[in-house]
Amino acid sequence: MLVTPRDLPDLPYASHLEPFRGALERDGDYEGAHLDGGSFEDIDGGSIRFSESALTSVVFAAGRMRRARFHDVWMHTVRWVATDMAETNWMDVEINAASLAGLELFSSQMRRVTFHNCKLDSVNLRAATLQDVTFSDCLLRDVDFAGAKLQDVTFPGSTLDDVQFAKAQMKKVDLRSATHLGITDGIDALKGATIDTAQMADFAPMMAQALGIVVK
């Protein structure tokens, strides 16, 4: 089901948000924080926690936020560049018009997460677990889902370009509403996914190759 993006005033905790100023600290616990603007470069934000918070027009670059937790967090026009976010935990998160480039998100956990109009470029989601995740009107380029577990994941209006699914496990993954499926590895891992007949025709040569079938 396609979820309509919300605006900041629509959040149930909007009236409780407080402007955040200063530095983010390792193991910091930030509840009801509104980070608006600013750049956080090369930060050590391991095990940092955000809850009922909002991030707008913030840039994270070349930092370390491994094992960070984002619960009930709303993001808009956030940029993540070359940041180590492995083993992070995301639950009830909405990400709008964001750019994620060169991100390490392997072994992360995502549940009830929605990406709206986002660009994901060279993002490592190996061995991650995604449950009830939506990529809506997004561009996924060189995204690696190898060994990941995907359940109830959809891609409405999204473009997949050079995406890898090698040894991924899928359950109720719906690819039918994606505008382009450029899958370069892991065609045999699409068991548990739903595609339409036109997509099946596009996949036929790659499926034949994966099964060792020679077509003449």
The listed residue being assigned to a loop (DSSP other than H, G, I, E, B) and without any contact (Cβ under 8 Å) to a residue 40 or more places away in the chain, out of 5, 12: 12
For residue 178: the one exception among (1) outside any strand (DSSP E or B); (2) surrounded by fewer than 21 Cβ atoms within 10 Å (Cβ to Cβ): (2)
Selected residue (criterion: surrounded by the most Cβ atoms within 10 Å (Cβ to Cβ)) from residues of the stretch 36-51 that are assigned to a strand (DSSP E or B) and under 19 Å from the mean Cα position of the chain (by Cα): 50
Verdict on residue 210 being modelled with pLDDT under 95, in contact with a helix residue (DSSP H, G or I) (Cβ under 8 Å, 6 or more places away or on another chain) and surrounded by fewer than 16 Cβ atoms within 10 Å (Cβ to Cβ): yes
Failed criterion for residue 15 (all others in (1) modelled with pLDDT under 95; (2) open to solvent by 90 Å² or more (accessible area, probe 1.4 Å) hold): (1)
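Here are 128, 98: which of them is of a type in the set (A, V, I, L, M, F, W, C), crowded, with 20+ Cβ neighbours inside 10 Å, touching a Lys or Arg at 6+ places or on another chain (Cβ under 8 Å) and over 19 Å from residue 35 (Cβ atoms)?
Details: 98 fails: over 19 Å from residue 35 (Cβ atoms).
The conditions single out 128.
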Leading residue by the ranking (surrounded by the most Cβ atoms within 10 Å (Cβ to Cβ)) among those in the stretch 18-35 that are assigned to a loop (DSSP other than H, G, I, E, B) and of a type in the set (A, V, I, L, M): 24
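The values are calculated or read from the model by the stated rules, or taken from the named source; none is laboratory data. For clarity, every value in this text was computed on a predicted model and none was experimentally measured. Counting neighbours? That spans all protein chains shown, and the Cβs are built from the backbone with ideal geometry, glycine included. Quick note on the areas: whole protein, heavy atoms, side chains included, nothing else; ligands and nucleic acids left out. Shrake-Rupley method; radii C 1.70, N 1.55, O 1.52, S 1.80 Å.
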